[in-house]
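Everything below concerns the one structure shown next.
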2 protein chains.
Amino acid sequence: MAESQNLLLQQIKEQGDLVRKLKAAKESNERIQEEVSKLLGLKAQLNTEDAAPQKFTLKTPKGTRDYNSQQMSIRNNVLQKITTIFKKHGAECIDTPVFELKEVLTGKYGEDSKLIYDLKDQGGEILSLRYDLTVPLARYLAMNKITTLKRYHIAKVYRRDNPAMTRGRYREFYQCDFDIAGQYDPMIPDAECLKVVTEILDVLDIGKYILKVNHRRLLDGMFEACGVPADKFRSTCSTIDKLDKLPWTEVRTEMINEKGVTPEAADKIGEYVQLNGSSELAVKLLSDEKLSKSKSAVEGLEGIKLLLHYCELMGIKDKIIFDLSLARGLDYYTGVIYEAVLTHPIKIGNEDQTVGSIAGGGRYDNLVGMFDSKNKQVPCVGVSVGVERIFSVLEAKLAAGDIIVRTTDIDVYVASAQKNFLDERMKICAELWNAGIKTEQSYKKNPKMLNQLQHCEENGIPFAVVLGESELKRGVVKIRNITSREEAEVPREKLVKELETRIANFGLKEMNGS
Amino acid sequence: MAESQNLLLQQIKEQGDLVRKLKAAKESNERIQEEVSKLLGLKAQLNTEDAAPQKFTLKTPKGTRDYNSQQMSIRNNVLQKITTIFKKHGAECIDTPVFELKEVLTGKYGEDSKLIYDLKDQGGEILSLRYDLTVPLARYLAMNKITTLKRYHIAKVYRRDNPAMTRGRYREFYQCDFDIAGQYDPMIPDAECLKVVTEILDVLDIGKYILKVNHRRLLDGMFEACGVPADKFRSTCSTIDKLDKLPWTEVRTEMINEKGVTPEAADKIGEYVQLNGSSELAVKLLSDEKLSKSKSAVEGLEGIKLLLHYCELMGIKDKIIFDLSLARGLDYYTGVIYEAVLTHPIKIGNEDQTVGSIAGGGRYDNLVGMFDSKNKQVPCVGVSVGVERIFSVLEAKLAAGDIIVRTTDIDVYVASAQKNFLDERMKICAELWNAGIKTEQSYKKNPKMLNQLQHCEENGIPFAVVLGESELKRGVVKIRNITSREEAEVPREKLVKELETRIANFGLKEMNGS
């Protein structure tokens, strides 16, 4: 115990030195605050009994944020719409813990593994926060020996990235996943995933979009046909994935210099990845001299052809583009891959904002088997909607005054014009709550009438019950319409019924937009 | 790098030795598995490139669990009901990150601080998983200088406890919190919190309950009146808190031997903590010889009296008991405290299960100030519903066959009696999805009719659209009622409208319980 205390003191000294050094070197404020916060964390460990007022930067951890009630209204509204669509397609809901045994995540994410958050070893298992919802799903299927499942999962995932938070990228963020596991006929569940994405983007109505599709088997066949050795397929693939951010010349250079692809092979790849189109392109490539010789390219192209046929049947053909430059970063995809992007910048206030990729996914037939001792496979296909970017867009619109949100949906405020009406207000509130009416009152004993009505106006509460001595003596109360300021007396015993009618009518009017 | 690798190899060797030792000593399986899992975690760190099939115990971390779709149905249903009540009272929704800077949590939980999960220091800030939702709320209020807020927050919290999982206690679990922050008149928001708890327990309908209330100022005054020194109030209080699990004699012994309370003082306390009743008891104690001399006891009793008066006005008096033995464990309470307990064991199958405490909370007026550099206070009162126990009860009822849940709410299954109808099925599915109808189909090209109908029966899907060649030629499709097995032909173009009518009528019948 004394020894660990000494170690801690030593760490505190070293950390303090570091902070002083950074300050002397005039490092960035953010950098310094990070180290100061670490120093205070160490000090906190030293003296957990210290109850003196704390002096530290009051903030959320780097890359995270709180959601206030307006942001939550937006978020809950978006998640509700997405959930409705997932359920419309018969998806069940499951949930997994926020952390997993570290070895569950090991070897699944390639280069990105360094972004995994680990928990401190406090004398138990070695744990990590989940990095996505796909690997936990695969672990769940293998562990419970489930071979068919259509599930959705909406939850937060964690990545120690250095995110651009203004562009809706965080270290803690929501994913909305829809996946279909099971041994089925080719492309039927895959096509439904695309349909689900179009329904979501249509209902969220945040701008025009396009769904890019490609196939990992086609990419492999293309690499093969261009003369890339098989052991370099995956790394070449992750270089291709950068095409949405970098121009071809830079991607080409990286392929040649870092991935060991020959310049000739790179140039051949360069020709293919410029291609995009519809099922005609797939048909054309099936007779391409080089590709038609590759079994895996043919398999990929046949798959794309079938997928596009199903998309046509479901009426979403116009929203899909077959794009040979789409590669997706993650290692575990084995078949079709897709990505939804907004095609136009979004107008927020007076500014245009580029949003880019907004959903993505694909087929991963070998992931579940990695968790099974007999390597038993469960084929899966799924899609993940990147809602944080959608939240960011809507929040920016809110900030620019382009949209308005209500953070509560209270229908009735119980007010009194005179003093000493708290008891009566309490009774009426309880009666309304018991009837299921969304009701509020002031928490002050004798609130001012003006303040009460102002609260109603500021919070969009449509009705107020106004109590007064003379009315109560006559057995009536007043209902005030906040917008029109009209007041009407109703018998006390008919209050609930009258309010229910008014609220229902008000709801109808709202729906009709008047 | 090489050095850290060597250190890791050394740790792996030591851990391996430990595992062998435990196995030789025939330790419990759980204990051994825990250490094996740690060993594999270390090995995973050593060789992150290893893609060989993994051999480790496939499990969720200790004290956590997955929720399957039935459990999620139960959970979402319960959370939905609770959310509806929180919103009925005008609460806004906020969210905070799952982890906080460690120093935010330091010094808030007393003895329980050792149960906090820390994140590994990966070269950034020192972070911990949230332990409850109250401290993050206080941090949020102080950081954003918010002085009034009525908010709810439903989220998971984390405690490194050794929980009894069969009794609904986990290391990762949901809390449902409702809190009112702001400077208001005494006991008005406090009484509303109690009303909220009664509404939740009434709507969940899991058994008879009672809400115990007490007041920290009264406890302080009682300790003072009994001769406990002021610096021993908090520790004596946490001993009193054990009265729901231990008999008075044991609590008395702990007070005397561990907390340094004199036997005389302990005996006087023992008399008080046996008392419980209604507002008459509060009135009686206000003229108690010893208590009436303590300013803080009088303050607490006056508070309880007022609270019980408001409870009477709101019609929940019968559900409240003023109980002097209620103490609550956490340090931060400053005023009223309360706890809801089920009064009867719950019948599950043929067994009786005791559930105990199911909600709790109180007033904490000084917590926000702990985060403010000028110690500016924001008075708060709130309640937290322990939904995991409620989930446990309902899951046990499910397992015992006492309740049935549906995990999807699909209304229509698109089936075909003959081969080669996939294209037609796809078109109809898309049409129904676009109309907002919850629809499913088989992911097989040519599924067997029997299997399709069986799927409908097993999943409670009320209607099937059955496609056939002769019908399609005549421009009609069949709708089959799964329960009655009746089939009717409808014109293809009227399919959506007809299904909408049938689904609406089916919903009405369901509601009427027929």
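Points worth noting:
- Over all other residues within a Cβ to Cβ distance under 10 Å of A:Val104, the charged ones net out to +3, with Lys and Arg as +1 and Asp and Glu as -1.
- Label-to-label distances for B:Leu275 across copies, nearest first, come out at 8.9 nm, using points 7 Å from Cα in the beta-carbon direction.
- Positive minus negative residues near A:Phe391 (Lys, Arg vs Asp, Glu; Cβ under 11 Å): +2
- Across all directions, the average projected area of the convex hull around the alpha carbons of chain A is 33.9 nm².
- Interface area, A with B, accessible, probe 1.4 Å, both sides summed, Å² nearest 100: 9800 Å²
- Closest Cβ on chain A to the rotation axis that carries it onto B (distance rounded to whole Å): A:Lys120, 2
- Distances between placed amide hydrogens fall under 5 Å for B:Lys347 paired with B:Gln353, all partners being 5 or more residues away or on another chain.
- Size of charge dipole - the protein assembly as shown - debye, nearest 20, with Cβ of Lys, Arg +1 and Asp, Glu -1, no other charges: 60 debye
- Accessible area per residue for the protein assembly as shown is 44 Å², calculated with a 1.4 Å probe on protein heavy atoms, without ligands, DNA or RNA.
- Averaged over the residues of A:301-311, the number of partner chain Cβ atoms lying within 10 Å of the residue Cβ comes to 1.
- Those residues of the range B:399-448 for which accessible area with every protein chain present is at least 50 Å² below the isolated value (1.4 Å probe): B:Asp423, B:Met426, B:Trp433, B:Tyr443
- Inter-copy label distances at A:Pro247, shortest first and taken from points set 7 Å along Cα to Cβ: 8.6 nm.
- A straight chain from B:Thr57 to B:Thr148 at 0.36 nm per residue would run longer than the Cα-Cα distance by 27.8 nm.
- Translational diffusion coefficient (Stokes-Einstein; Kirkwood radius from C-alpha pairs) of the protein assembly as shown at 10 °C, 1.306 mPa s, in µm²/s: 49 µm²/s
- Computed accessible area, A:Glu351, all protein chains, 1.4 angstrom probe, square angstrom: 140 Å²
- Here's how it looks for A:Ala359: its modeled amide H is under 5 Å from those of A:Ala340, A:Gly386, which are all 5 or more places away or on a different chain.
- Once you reduce the range A:437-469 and the range A:281-330 to the center of their Cα atoms, the two points are 62 Å from each other.
- Relative contact order (%) - the range A:339-398, alpha-carbon pairs under 8 angstrom, separation at least six: 31 percent
- DSSP-assigned coil residues among trypsin sites (Lys or Arg not before Pro) in the range B:434-484, each with at most 12 further Cβ atoms within 10 Å: B:Lys448, B:Arg474
- Distance between the modelled labels on B:Phe506 and B:Gln183, one decimal in nanometres: 5.9 nm (7 Å Cα→Cβ projection).
- Rounded to whole numbers, the Karplus 3J(HN,Hα) couplings from phi for the range A:476-490 are 10, 10, 9, 10, 10, 7, 5, 6, 7, 6, 6, 10, 9, 8, 10 Hz, using 6.51 cos²θ - 1.76 cosθ + 1.60 with θ = phi - 60°, and x at Gly and Pro.
- For the range B:257-361, with all protein chains in place and a probe radius of 1.4 Å, 48% of the accessible heavy-atom surface sits on carbon or sulfur.
- Here the label points at A:Ala24 and B:Lys23, each 7 Å from Cα along the C-beta direction, are separated by 5.4 nm in the simple model.
- Selected from B:Ile410, B:Leu18, B:Tyr443, residue furthest toward positive end of dipole (chain B; charges at beta carbon): B:Tyr443
- Chain A, helix-only ellipticity at 222 nm - DSSP H runs n ≥ 4, -39,500 (n - 2.57), divided by all residues, nearest 500: -13000 deg cm²/dmol
- For chain A: relative contact order, % (alpha-carbon pairs under 8 angstrom, 6 or more apart): 13 percent
- Working note: Karplus 6.51/-1.76/1.60 with θ = phi - 60° gives the range A:462-469 the couplings x, 10, 10, 8, 10, 8, x, 5 Hz, where Gly and Pro are set to x.
- Taking a sphere under 15 Å around the Cβ of A:Lys293 and counting the other residues whose Cβ falls inside, with K and R at +1 and D and E at -1, yields a net charge of -2.
- Heavy-atom accessible area with a 1.4 Å probe sorts B:Asp244, B:Asp179, largest first, into B:Asp244, B:Asp179.
- Label-point distances for B:Ala504 to the equivalent site in the other copies, using a point 7 angstrom along Cα→C-beta, read 1.6 nm when ranked shortest first.
- Within straight-line reach of A:Lys13, meaning a Cα separation under 22 Å, sit the following lysines at least 8 residues removed in sequence or on another chain: A:Lys21, A:Lys23, A:Lys26, A:Lys38, A:Lys43, A:Lys55, A:Lys120, B:Lys102, B:Lys120.
- Alpha-carbon centroids, the range B:415-435 and the range B:237-255: separation in whole Å: 67 Å
- B:Asn375 paired with B:Met449, simple spin-label distance in nm, labels 7 Å along Cα-to-beta-carbon: 8.3 nm
- Theoretical FRET efficiency, 1/(1+(r/R0)^6), r = Cβ-Cβ of A:Gln274 and A:Glu458, R0 45 Å, to 0.05: 0.20
- With every protein chain in place, the range A:58-156: carbon and sulfur % of accessible area (1.4 Å): 47 percent
- The range B:88-230, relative contact order [Cα under 8 Å, separation at least 6], %: 19 percent
The values are calculated or read from the model by the stated rules, or taken from the named source; none is laboratory data. Here the structure is a predicted model, which is why all the values come from computation and not from measurement. Cβ: placed from backbone, ideal geometry, glycine included. Neighbour counts: every protein chain shown. With ligands, DNA and RNA removed, areas are computed over all heavy atoms of the protein, side chains included. Shrake-Rupley method; radii C 1.70, N 1.55, O 1.52, S 1.80 Å.
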